[in-house]
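Trainee: Here you go, one structure.
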Amino acid sequence: MIFRLLQAAMVLAVVAPPAHAETCIASQYGVGDGYHGRRTASGTRFNTFARDPYTVAHKSRPFGSSVTITNLSNRRSIRAVVTDRGPFVAGRCIDLGRAGADALGMGGTARVSVQ
């Protein structure tokens, strides 16, 4: 009986899926484009300078979910919450507010990993 319980526990540990990561180009929004202060797709007001938490727009991740974004050129990472939809530019997978983009050390765009 104990052997079967241990065996079942080992199987559960083995079948846990790895975290989904995507690599893409990230961009910044909210400064000079009219989005700062407007309602996001989730209904909250967008604050491009928010740091606690950082906020991002993603095409498909659920609103309120947390993502870790890593700038692949300098290895800086942040945790952010998905509050909006976008970006709407081909080849990009995530838009960051100004505070998040500054924390990652990116200019206008950067190659990132999103988990």
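Trainee: Here's a check for you: in the range 99-108, which residue that is modelled with pLDDT of 95 or more and surrounded by fewer than 17 Cβ atoms within 10 Å (Cβ to Cβ) is nearest to GLY64 (Cα to Cα)?
Mentor: ASP102
Trainee: Look at THR83 and say whether it is β-branched (Val, Ile, Thr), surrounded by 18 or more Cβ atoms within 10 Å (Cβ to Cβ), closer than 17 Å to ARG38 by Cβ and more than 9 Å from the chain's Cα centre (by Cα).
Mentor: On the way: β-branched (Val, Ile, Thr): yes; surrounded by 18 or more Cβ atoms within 10 Å (Cβ to Cβ): yes; closer than 17 Å to ARG38 by Cβ: yes; more than 9 Å from the chain's Cα centre (by Cα): yes.
Considered against the rule, which asks whether it is β-branched (Val, Ile, Thr), surrounded by 18 or more Cβ atoms within 10 Å (Cβ to Cβ), closer than 17 Å to ARG38 by Cβ and more than 9 Å from the chain's Cα centre (by Cα), THR83 comes out as yes.
The values are calculated or read from the model by the stated rules, or taken from the named source; none is laboratory data. Predicted model, so just to flag it, every value in this text is computed and none were measured. Virtual Cβ from ideal backbone geometry, glycine too; neighbours counted across all protein chains shown.
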